[in-house]
Amino acid sequence: MPNTTPVAVANSMTCILRDLTSPIRVQRFVVVGKYSRNRPFVRHAAILNAETEFNGECKVALSHVGPPIENQYTGDCHIVGQIGLSNEEIEAVADWLASIETQYTPTKILRFQQYVVAPHMVWVKSEEGRPLRQRFSCVGYVIEAYAAANVSLIDSESLPDAEMKDVETAYPDLYGLLDNPKLAKRLGFKGLDDLGLVGTGPWKVALPGYLFHSTNRFEQAQPRPNPFAPSSLEQSCFPVREPIPSPK
């Protein structure tokens, strides 16, 4: 017999997929995330490639910065943040994703030369100062994709200070590369300074969990809320749990 279970259409909210009691359908280009093993710390954020029906946690087609930047990556999805994009906004995000892909098509750029931590996006320029391509964090990729549709998710000027221990918690793989110079060279990892983590901190770092606190404030009604200004590092978790857990 055909499945007649009603499917709710999620318009604007943040949804933890393992907590679903019935299926939901979400639109293309919603914000999706992956938890660390120590939930509810959100370890990664990305953009969903297609309208999808969710019954729980699963693997889906994503656009993201791993690194590298990938437009057809299949990855784990644990949490979804949707704001109710209009058709025009969806088209604007699609155009932006295509434009970023063209920045990297002509040449082979090593994966960590596509990546940055702080700020969430930087331009790589020629010797003459001409913009060549952009580097992103995973969060920055989402922020800039939505900004192309005139949707501002996070107030990048109002981020909490992240100390060295906080960055080690959020980016454990980076610190592993410091002890593996051969792998670091192969991946284009030139050290923490090259990723914007200059000195001993603190730094202003946009963390994945902040995105889902942002999307959780959106409703169908207009006007949309102001960009989310995180008030503490604990909001790198969704929902908040104190203190910030260490991912594994």
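Summary table below
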item	result
Cα pair distances exceeding 35 angstrom across the chain, given as percent	12
Extreme residue, positive dipole direction of the chain, given options ILE109, ILE79, ILE16 (C-beta unit charges)	ILE109
Furthest towards positive pole of dipole, LEU192, TYR146, GLN134, structure part the chain, Cβ charges	LEU192
Around VAL205: net Lys/Arg minus Asp/Glu count, Cβ-Cβ under 12 Å	-3
Cα-Cα over 27 Å, subset of LYS125/LYS190; LYS59/LYS125; LYS125/LYS165; LYS125/LYS185	LYS59/LYS125; LYS125/LYS165
Dimensions in Å of region 63-177 - Rg and Dmax from alpha carbons	15.2, 44
Candidates ASN87, ASN226, ASN216: whichever shows maximal mean-square fluctuation once the chain is modelled as a Gaussian network with Cα springs under 10 Å	ASN87
Dipole magnitude of the chain about its Cα centre (Cβ charges: Lys, Arg +1; Asp, Glu -1), debye to nearest 20	700
Of VAL116, VAL31, VAL124, the one that fluctuates the most in a GNM where the chain has Cα springs shorter than 10 Å	VAL124
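Read-outs: derived from the displayed coordinates by stated rules, not from any lab. These numbers come from a predicted model, not from an experiment. Cβ coordinates were reconstructed from backbone atoms using ideal geometry, including for glycine residues, and neighbour counts include every protein chain displayed.
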